Amino acid sequence: MVVVKNHEKFQGVYNVSMEDGSIELATKNLSKGIAVYDEKLVRYDNNEYRLWNPYRSKLAAAIKKGLQDLPISLGSKVLYLGSATGTTVSHVSDIIEEKGIVYSVEFSSRVMREFLERCAKHRNNVIPILADARKPEEYLNILETVDVIYLDIAQPEQAKVLIENANLYLKKGGKCLFFIKAMSIDATAKPEDIFKKEEALLIQEGFEIIEEIRLEPYDKDHEMILCRMG
Ligand SMILES: C[S@@+](CC[C@H](N)C(=O)[O-])C[C@H]1O[C@@H](n2cnc3c(N)ncnc32)[C@H](O)[C@@H]1O
């Protein structure tokens, strides 16, 4: 029998013991009956949970790899840069519930169409924004100050994009979940050197590094940095 229990550290995250003995992460489905990326839906005690696949979502990978501090919880206001088709945004939306809000920025109109169809139209706490995260002033009239910035854009100059968005939208002491894909910055340099360089940029701008997690085996040559704006 499938059993669902609260995650040992994070409110809004669950551990599902599957019939084969494996333990999967999950969130409680805010949009009952609807899956976003063909994830399995599990019913338990009159609730419905969506399995959260660490091979599809880097935040789930970071949790599986031992993340200590998840700054996203019930009621959080999140600016999510690089929402793609909504795989991770949908789990963030589940965790923050209707009290929270996730401003979701994506610059590809084709991807945004899919995002609207799969994710945003079923969830009142998701605000889709078709814009380029490198030009954060473009969404000035839509956004408010947020508690957390999540950045996963797989582009060069990721730290610069994060800093510019944080300067405009992050509350003092707010935290950032920053996912770095080494290949997107420099395909020839060692991933470790790239991660150090991005980290140094953040420190230079007054950010405090809280945690760094390599995402192997879920994502090769990727790192997550959790940092706080000073
Ligand atoms: C690796 S995917 C994000 C996956 C997503 N975070 C998830 O876990 O479900 C990166 C996304 O960022 C988008 N992107 C890249 N550069 C961007 C930019 N400058 N502004 C907005 N979106 C961007 C891409 O179109 C792509 O959909």
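Please go through the stretch 145-180 and pick out each residue that is more than 13 Å from the chain's Cα centre (by Cα) and either among the basic types (Lys, Arg) or within 11 Å of Val105 (Cα to Cα) (or both). The answer is Lys160, Lys171, Lys172. Within the stretch 116-142, the set of residues being closer than 16 Å to Ile101 by Cβ and surrounded by 18 or more Cβ atoms within 10 Å (Cβ to Cβ) comprises Cys119, Ala120, His122, Arg123, Asn125, Val126, Pro128, Ile129, Tyr139.
Considering Lys77, Lys65, the condition of being more than 14 Å from the ligand (Cβ to nearest atom), over 17 Å from Lys175 (Cα atoms) and of a type outside the set (Ser, Thr, Tyr) is satisfied by Lys65 alone.
Per-residue answers, yes or no, for (1) more than 13 Å from the ligand (Cβ to nearest atom); (2) surrounded by fewer than 17 Cβ atoms within 10 Å (Cβ to Cβ); (3) assigned by TED's automatic domain parsing to the domain that holds Gly206; (4) not charged (D, E, K, R):
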| position | (1), (2), (3), (4) |
| --- | --- |
| Glu144 | yes, yes, yes, no |
| Ile153 | no, no, yes, yes |
| Glu157 | no, yes, yes, no |
| Leu162 | no, no, yes, yes |
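Residues in the stretch 99-144 that are among the small types (Gly, Ala, Ser) and closer than 26 Å to Pro156 by Cα were compared, and the one that is nearest to the chain's Cα centre (by Cα) is Ser104.
The residues listed here are Leu51, Leu25, Leu79; of these, the one that is touching a residue at least 60 places away in the same chain (Cβ under 8 Å), among the aliphatic types (A, V, I, L, M), surrounded by 17 or more Cβ atoms within 10 Å (Cβ to Cβ) and under 22 Å from Met224 (Cβ atoms) is Leu79.
Candidates are the residues of the stretch 183-204 that are more than 13 Å from the ligand (Cβ to nearest atom) and among the small types (Gly, Ala, Ser); the one that is nearest to Leu151 (Cα to Cα) is Ala200.
Only one of the listed residues (Val89, Val105, Val126) is out of contact with any Asp or Glu (no Cβ under 6 Å at 6 or more places or on another chain), over 22 Å from Arg50 (Cβ atoms) and aliphatic (A, V, I, L, M). That residue is Val105.
The values are calculated or read from the model by the stated rules, or taken from the named source; none is laboratory data. These figures come from a predicted structure and were not determined experimentally. Note: ideal-geometry Cβ built from the backbone for every residue, glycine included; neighbour counts use all protein chains shown.
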